[in-house]
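**Q** Please find one structure pasted underneath; my questions will follow.
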Amino acid sequence: MKDFLSSLSSQVLVCDGAMGTMLVSKGLPPGGCPEEWNITHPEVVMTIHKAYIDAGCDIIETNTFGANATKLAHYSLEKEAYHLNKTAVKLARQSAGDKVFVASSIGPIGELLEPFGILKKEKAYDIFNEMVMAQIEGGVDVIIIETMTDIEEAKIALMAAKKSGVPVICTLTFDRGGRTMMGVKPDNAVRVLEDEGADVVGANCGTGPEDMLGVVEIMRKAVHLPLIAQPNAGIPRLEGLKTVYDVLPEVIGEYTARFIEIGVSIVGGCCGTTPAHIKRIADIVRTYQR
Amino acid sequence: MDNIEALRENLIAGKADEVRKNVEEALSLGLSAQTILNEGLMKAMDVVGKRFKANEIYVPEVLVAARAMHAGMDVLKPLFVKQGVKKIGKIVIGTVSGDLHDIGKNLVAVMMEGAGFEVVDLGVDVSSEKFADAVREEKPTFLGMSALLTTTMLSMPKVIDTLKETGLRDKVKVIIGGAPVSREFAKEIGADGYADDARSAVEIARELM
């Protein structure tokens, strides 16, 4: 296996697309726990990983976004947090072999930190730390902290992740006029994350590629760290009782070129993106390979 | 009215202790609970809502302002019945079945409360039956439903179906909101209103009154 950071310094990497919306298309019921499928439907999770690998991605993300003790408690699975994280990394590793990097996903805890909510910093650290320990034991190449809206929460997750020694990517979601739900600005966010030791920073989810381009441009001016962009396939729309995302693979492809031109090092997708989107991204990225 | 002016400023700044003192002072100056509510708490929350909608302030600022509003409300509440303070309407609100996200729903609840509505919050992961039961028992003007996920927003038409089946659909106006929800979706499922954000929820409710 190549080293993640040295690969990143010499080429643009392709990250995979959505996991959650793919699981739904394969039968995860509304309100079901996506991470439980690592145990109950491992073959489905691996099918999704393999579809993304076949589409040409260099990095796949584990099915662990919400695998924290607080979120899992809603499904009475809080005691399974460690097991689910470790199992998810193993599924991804089995799918990836040694050709593709495995990045373990860590999403927000799902409660607001004090003083705005009731979650204490120490507890938040313990929750993230449990995920990190399990993911490291599972054999992950890189940790990706994503969809953060509160810079304090991102910092706590980063602190836990950095202790593991593997490279750490950290993304936030900017869906309130170029800021996160909690009001965090892209330039301030990446400066803080750089100081805290993030290896790659960027944006995911929240918006389609068009709005994300503006956010990433601001980040580019603020820091020299490698950047990652993982837009949604637009804003979801309903057709009958089926959710449809409108941004086509071709459009994602056009934006991939623009992301690379402003200096983005990793391009992938979030909600609504499919292996077809990732294949288009990979095709474009290959044309830029140095 | 200097006192009310100070109350509003303190509420907008999220100073709960100051707001509590301002409300007590206002009462000792002989202002009615209704006046303090309308001219103080509600007007200040209106400013907070407008600034939030304009992306001038964000969730943390709204939450501290809401805390300050509640501090003032706690002083006034014992007087509401005694002085016959009128609420402008009632809303039953909740996050739909299968969805555990409550930040947006809580913001709507706070804004509606700040606009003078009585709010009955059913929490998260609320089933169609629970929504219908609450409409039957609480007899609200509005039913507010929230969803953050594209998968769970599909619970909304189910709630509307349940309301129809139980003969409650014409007893309540349904307003929906949440990140994946749109005006078109609201129209398609037969909701009465769609709210873009917490502040819009208040505007839509006022329009539908």
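**Q** Show the residues, 5+ positions off or on another chain, whose built amide H is closer than 5 Å to the amide H of A:Ile144.
**A** It is A:Ser104, A:Ser105, A:Ile106, A:Ile169, by chain and number.
**Q** Could you report the buried accessible area between A and B, both sides summed, computed with a 1.4 Å probe and given in Å² to the nearest 100?
**A** Summed over both sides, the interface buries about 2000 Å².
**Q** Determine ³J(HN,Hα), in whole Hz, for all residues of region B:98-110 in sequence, where each value follows from phi through the Karplus function 6.51 cos²θ - 1.76 cosθ + 1.60 and θ = phi - 60°; x replaces Gly and Pro.
**A** x, 10, 10, 7, 10, 5, x, 4, 5, 5, 4, 4, 5
**Q** At 7 Å along the Cα-to-beta-carbon direction for both B:Leu208 and A:Asp283, put a label point, then send me their distance in nm to one decimal.
**A** Once both label points are built, they end up 4.5 nm from each other.
**Q** Rolling a 1.4 angstrom probe over the protein chains, ignoring ligands and nucleic acids, what is the accessible area of B:Leu31 in square angstrom, nearest 10?
**A** 50
**Q** As a check on your grasp of the helix formula, calculate [θ] at 222 nm for the protein assembly as shown: sum -39500 (n - 2.57) over DSSP H runs of n ≥ 4, divide by the residue count, round to the nearest 500.
**A** Using -39500 (n - 2.57) per qualifying helix, the result is -15000 deg cm²/dmol.
**Q** Determine the order of A:His41, A:His224 by accessible area, beginning with the largest, at a probe radius of 1.4 Å.
**A** So, going from the largest accessible area down, we get A:His224, A:His41.
**Q** Average partner chain C-beta neighbours within 10 Å, per residue of B:54-63?
**A** Shielding by partners across B:54-63 averages 5.
**Q** Taking region B:2-83 on its own, what percent of its Cα-Cα pair distances exceed 16 Å?
**A** 43
**Q** With every protein chain left in place, what is the accessible area of A:Lys86 in Å² (1.4 Å probe, nearest 10)?
**A** So the heavy atoms of A:Lys86 present about 60 Å² to solvent.
**Q** When only alpha-carbon atoms are used, what values of Rg and Dmax, in angstrom, describe region A:111-254?
**A** That works out to 16.1, 48 Å for Rg and Dmax.
**Q** Still on this structure, please answer the following. List the aspartates and glutamates whose Cα lies under 14 Å from the Cα of A:Lys221, skipping any in the same chain that are fewer than 8 positions away.
**A** Result set, ordered by chain and number: A:Asp187, A:Glu194, A:Glu261.
**Q** Here's something else I'd like to know. Could you pull out every one of the aspartates and glutamates with an alpha carbon less than 14 Å from that of A:Lys121, ignoring same-chain neighbours closer than 8 positions?
**A** A:Glu111, A:Asp150, A:Glu152, A:Glu153
**Q** Obtain the nm distance between the two label points defined at A:Glu254 and B:Asp2 by a simple spin-label model: each point lies 7 Å from its Cα along the Cα-to-C-beta direction.
**A** Using points 7 Å along Cα→Cβ, the separation is 6.1 nm.
**Q** On average, how much accessible surface per residue is there in the protein assembly as shown, in Å², for a 1.4 Å probe, leaving out ligands, DNA and RNA?
**A** That works out to 41 Å² for each residue.
**Q** From zero up to wherever the largest Cα-Cα distance of region B:89-208 sits, split into 10 Å bins and tell me the percent of pairs in each.
**A** It works out to 16, 55, 29, 0, in whole percents.
**Q** Hey, another quick one. Expressed as a fraction of 2.2 N^0.38 Å, the rule-of-thumb size for a compact globular protein of N residues, what is the C-alpha radius of gyration of chain A?
**A** Relative to the rule-of-thumb radius for its length, chain A sits at 0.91.
**Q** Moving to a separate point now. Run the 1.4 Å probe and let me know the accessible area of B:Met209, rounded to the nearest 10 Å².
**A** 110
**Q** Apply the Kirkwood formula to chain B: the hydrodynamic radius equals the inverse of the mean of 1/r over all pairs of different alpha-carbon atoms; give it in Å with one decimal.
**A** 17.4
**Q** Just the number, please: Stokes-Einstein D of the protein assembly as shown in µm²/s, Kirkwood Rh from C-alpha pairs, 4 °C, 1.567 mPa s.
**A** The estimated diffusion coefficient comes to 55 µm²/s.
**Q** Between region B:91-121 and region A:36-50, what is the separation of their alpha carbon centroids in Å?
**A** 35
**Q** Right, something else. Holding the Cα-Cα limit at 22 Å, pick out from B:Lys90/B:Lys164; B:Lys15/B:Lys43; A:Lys79/A:Lys123; A:Lys79/B:Lys105; A:Lys50/A:Lys86 the pairs that are longer than that.
**A** Listed pairs above 22 Å: A:Lys79/B:Lys105.
**Q** Within the accessible area of region A:67-200, what % is carbon and sulfur when the probe is 1.4 Å and the other protein chains stay in place?
**A** 51
The values are calculated or read from the model by the stated rules, or taken from the named source; none is laboratory data. Just so we're clear, the structure is a prediction, and the values are computed from it rather than from any experiment. Here the Cβ is made from the backbone with ideal geometry for all residues, glycine too, and neighbour counts use every protein chain on show. The protein model used for the area step is the full one, side chains on, heavy atoms only, and it has no ligands, DNA or RNA in it. Shrake-Rupley method; radii C 1.70, N 1.55, O 1.52, S 1.80 Å.
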